[in-house]
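Contents: one structure, followed by commentary.
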Ligand SMILES: NC(=O)c1ccc[n+]([C@@H]2O[C@H](COP(=O)([O-])OP(=O)(O)OC[C@H]3O[C@@H](n4cnc5c(N)ncnc54)[C@H](OP(=O)(O)O)[C@@H]3O)[C@@H](O)[C@H]2O)c1
C-alpha cells in the first residue's frame with residue numbers, strides 16, 4: 001500500500017508504542033491518522049485526529065467505527081500487563097483482565113472495523129503481539145496466555161479476512177522501552193524503531209514483523225529440540 005493512501009486508526013495511541021505509531025504514520029505521509037485512546041484529550045501528536053475508544057467497551061468501539069468509516073489500516077495496539085502468575089490466588093482474575101483487553105479487545109476492534117476495511121479496498125489489520133506469544137516468562141505468565149491467545153486469534157483472522165483482501169500483520173516484540181517495562185532495567189528496543197518497522201510492513205505488504213533479535217531468535221527456536229518454551233523456569 002502507498003502510505004499516502006492510508007487512513008490509519010491506532011488504539012492506545014496516547015503513549016508508548018501507540019504514540020510512536022501515530023507519529024510514524026504521520027511522518028510517512030499517511031492521508032489521515034486517527035489516534036484512538038480511552039481519554040482522547042491525552043492525545044498530543046500534532047495533526048492526528050483524537051478519537052475516544054476503550055477496547056473493553058463494545059459501544060465505544062462501534063461509535064469509533066462509525067466516526068472513522070474511511071479507515072483502511074487498523075492497528076490493535078492497546079494492551080495491559082498485570083504481572084499475574086497462573087497458580088497465585090489472584091492469577092485467574094489478572095488473566096481475565098488481560099484477556100479482556102489483549103484478546104477480546106483486539107477481537108472486538110477487528111470485528112467492528114472489518115466491514116470498513118472491506119468497504120475501503122481491504123487494507124490492513126495490524127495486531128501488536130509479543131515474543132511472549134511463544135514463550136512463558138516467569139512472573140508474568142497470565143500476560144503470556146493473553147498474547148498466545150491473541151496470536152491464535154490473529155491467525156484465525158488471516159483466514160477470515162483473506163476473502164475481503166485484508167492483509168493481517170502480526171507484530172512480535174521482546175522488550176520495548178515504554179511505561180509497560182519501566183521497572184525492567186535491561187536493553188530494550190525503542191518504540192520508534194518498532195513503529196518504523198510496522199509502517200514498512202504495511203507499505204510492503206508483509207504479514208509478520210519480528211521487531212528485535214529476541215523475537216527472531218525465539219521464533220527460530222520453536223522447531224528446535226531446545227525450544228525456548230520447553231525450558232523450565234531458570235532452566
Ligand atoms: N513494552 C513492551 O516491552 C512490549 C513488548 C511486547 C509487546 N508489547 C505490546 O505493545 C503494545 C503497546 O504497549 P506499550 O509497551 O506501548 O504499553 P504502555 O506504554 O503501557 O501503553 C499501553 C497503551 O494501551 C492503552 N490501553 C490500555 N487499556 C486500554 C483500553 N481498555 N482501551 C484502550 N486503550 C487501552 C493505554 O491507554 P491509557 O493511557 O488510557 O492506559 C496506553 O495507551 C501492547 O499491546 C503490549 O502488550 C509491549
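The values are calculated or read from the model by the stated rules, or taken from the named source; none is laboratory data. None of the values given here were measured: they were computed from a predicted structure. Methodologically, a virtual Cβ is constructed for each residue, glycine included, from the backbone with ideal geometry; neighbour enumeration extends over all protein chains shown.
Restricting attention to the range 179-194, does a residue exist that is touching a helix residue (DSSP H, G or I) at 6+ places or on another chain (Cβ under 8 Å) and away from the ligand (no atom under 12 Å from the Cβ)?
Scanning the range 179-194, I find no residue that is touching a helix residue (DSSP H, G or I) at 6+ places or on another chain (Cβ under 8 Å) and away from the ligand (no atom under 12 Å from the Cβ), so the answer is no.
Considering the range 1-21 alone, what residues qualify as being outside any loop (DSSP other than H, G, I, E, B) and either more than 10 Å from the ligand (Cβ to nearest atom) or touching a helix residue (DSSP H, G or I) at 6+ places or on another chain (Cβ under 8 Å) (or both)?
Matches in the range 1-21: 3, 4, 5, 7, 8, 9, 10, 16, 17, 19, 20, 21.
For the range 215-235, which positions are touching a helix residue (DSSP H, G or I) at 6+ places or on another chain (Cβ under 7 Å) and either surrounded by fewer than 17 Cβ atoms within 10 Å (Cβ to Cβ) or more than 28 Å from residue 26 (Cβ to Cβ) (or both)?
218, 221, 227, 228 - these are the residues of the range 215-235 that are touching a helix residue (DSSP H, G or I) at 6+ places or on another chain (Cβ under 7 Å) and either surrounded by fewer than 17 Cβ atoms within 10 Å (Cβ to Cβ) or more than 28 Å from residue 26 (Cβ to Cβ) (or both).
Which condition number does residue 85 fail, the rest of (1) closer than 16 Å to residue 115 by Cβ; (2) more than 14 Å from the ligand (Cβ to nearest atom) being met?
Residue 85 satisfies all of (1) closer than 16 Å to residue 115 by Cβ; (2) more than 14 Å from the ligand (Cβ to nearest atom) except (1).
Only one of (1) within 13 Å of the ligand (Cβ to nearest atom); (2) more than 18 Å from the chain's Cα centre (by Cα); (3) not in a helix (DSSP H, G or I) is not met by residue 170, so which one is it?
(2)
What is the number of the single condition among (1) assigned to a loop (DSSP other than H, G, I, E, B); (2) closer than 19 Å to residue 169 by Cβ that residue 24 does not meet?
(1)
Residues of the range 162-191 being in contact with a strand residue (DSSP E or B) (Cβ under 6 Å, 6 or more places away or on another chain) and either within 25 Å of residue 125 (Cβ to Cβ) or at pLDDT below 95 (or both), which ones?
Result: 166, 167, 168, 169, 170, 171, 172, 176, 189, 191.
May I ask you to say which residue of 215, 146 is within 9 Å of the ligand (Cβ to nearest atom), in contact (Cβ under 8 Å) with a residue 40 or more places away in the chain, assigned to a helix (DSSP H, G or I) and over 19 Å from residue 12 (Cα atoms)?
215
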